[in-house]
Structures are given as C-alpha cells and as structure tokens.
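Trainee: Pasting a structure below so you can have a look.
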Amino acid sequence: MTDSKKTAPSLSLGTLYGVGVGPGDPELITIKALRLLKSAPVVAFPAGVQGRKGRAQDIISPWLNPDQVQLALKFPYTEDRQILTEAWKVASEEVWLHLQKGRDVVFASEGDVSFYSTFTYLAQTLQQLHPEASIQATPGVCSPLAAAAVLGIPLTIQAQRLAILPALQSVAHLETALSWADVVVLLKVSSVYPQVWSVLDKHQLLDHSYAVENATKPDQVIYADLSKRPRLQLPYFSLLVIQVRP
C-alpha cells in the first residue's frame, strides 16, 4: 500500500538584485535595469527623510506600477558604526522576508551599485545573515561620469590619472591627490567647499575647476571657473571636477 500523501515542493528563494539607476535623469537607466525594475514583485530603495522621497525612489517612480510592493529601507545619516550596523541588519531582514517567500527584490541605488553605494552594505549583511541568499548586481551611471557629460568635457583622456575623493575629511588628502593626479573629482564637497577653494586658489586651479549640483536633474546647476566664488553655497549632492593638468 502506497502513501497517498505528497510532499509539497520546496519554495525556491527569490534573488536580490542591486540595480544602479543613475544620477537623477530617469532615462539614464540601462535596458537591463529597467527590465528588472518593471518585472520585480518587490522594489526596495533607501527611504527619504522627513516624509520626502529619496533620490533613488524619485528616479525610478516613472517606471513602477501599482502592483509592485515598494519597500523603503531606513539607512540613517550617521557615521556611528553601531547604529549603521543595526540598520543594515534590520534592512536585510526586511528584504529576506520577501526572498524566503520566493519573491525577487530589486534594490534601486542612485548612481552605480558598487560606487559608494548603500547596496554594498545591504548585500554584505544579507550574505552574512543568510549565506544561502542569491545576490546579483547591475551597474549604472555614477555621478562623476554624469558630471563630465553635462559639462561637455572628457573626464579623462589618454594616460591621464584620475583621483576620486569621497566626503573629504582633510584638505591634506586633496593636496596629496593634486600632487599626482591629472583629474580630481571631489564628492559631497558642500561642507568643506571654502577650504577646498583656498587650496585650489593656492595651486592656481580655480579656472580649471567646475562645480556641479544635482547632475542631470531638472534643478541641475553648473559653475565654471570658480575664481570669483569663494563662498559658494552648494547642496549635499554636489561635486567638483578639477582639471589639474588639462
């Protein structure tokens, strides 16, 4: 006599896709990223602050449909490692709730997923907590490339050396980069702009420097030749492109 009971098939896990959605213009998304965004049952992104949309959410909004679950993950703006680690764990478990039910999750990251991206911490934490998780990354357009495009200049040519400095902590780092790089890009420069301006003035580089706010977005602003702008008020999402040896 055979057992009439049948074992239910095990549910396969969903995949976490990290997708770079570019610097701001919703059309600066790859065909692959757009396909993943439109087909995923769950779309995650960093939550905005004070009830506003985050930048990644704002970029992808035109491409989403009402049937998709939108998962806003909270990543606090702090350098406290303990607070950040706990936030990454919480976000990872929120994603895991969907993955273990067989639902794919697309995490939309502003710019590129491997370029100073929150996705890195989310993916690493998820892998640590749940080694069986499947994770894939899709690259995107990062802000230095977007800035060069809107400025109408090549970022680098021939054998030029490029330095990219994130959230400058000390002008000494800038001095070091200027000593060897042919092109320097400073990210998140708003809080140290006056000090940076003084260094560029000392090296006579102000007329070879450009500031770009919100590259590729409707509120984009470009400042060329910074020689008369020692106290420029730049928003958080701003960068400088310095042609050290044009």
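Trainee: Anything in the stretch 156-169 that is surrounded by fewer than 17 Cβ atoms within 10 Å (Cβ to Cβ) and not basic (Lys, Arg)? List them, or say none.
Mentor: THR156, ILE157, GLN158, ALA159, GLN160, LEU162, PRO166, ALA167, GLN169
Trainee: Cβ-Cβ below 8 Å, separation at least six or inter-chain, first residue in the stretch 210-226 and outside any strand (DSSP E or B), second modelled with pLDDT of 95 or more and aromatic (Phe, Trp, Tyr): which pairs?
Mentor: LEU226/TRP197; LEU226/TYR210
Trainee: Same structure again: Run down THR30, THR7 and say which single residue is modelled with pLDDT of 95 or more and surrounded by fewer than 17 Cβ atoms within 10 Å (Cβ to Cβ).
Mentor: Residue meeting the stated conditions: THR30.
Trainee: Considering only helices (runs of 4 or more DSSP H) fully contained in the stretch 1-116, which possess at least 3 residues that are of a type in the set (Asp, Glu) and over 30 Å from ALA148 (Cβ atoms)?
Mentor: Output list reads 81-99.
Trainee: Take the residues in the stretch 88-139 that are more than 24 Å from ASP67 (Cα to Cα) and charged (D, E, K, R); name whichever of them is surrounded by the fewest Cβ atoms within 10 Å (Cβ to Cβ).
Mentor: Only one residue fits best here, namely GLU132.
The values are calculated or read from the model by the stated rules, or taken from the named source; none is laboratory data. Only a predicted model underlies this, so the values are computations on that prediction, with no experimental measurement involved. Neighbour counts are summed over all protein chains in view; Cβ atoms, including those assigned to glycine, are modelled from backbone coordinates with ideal geometry.
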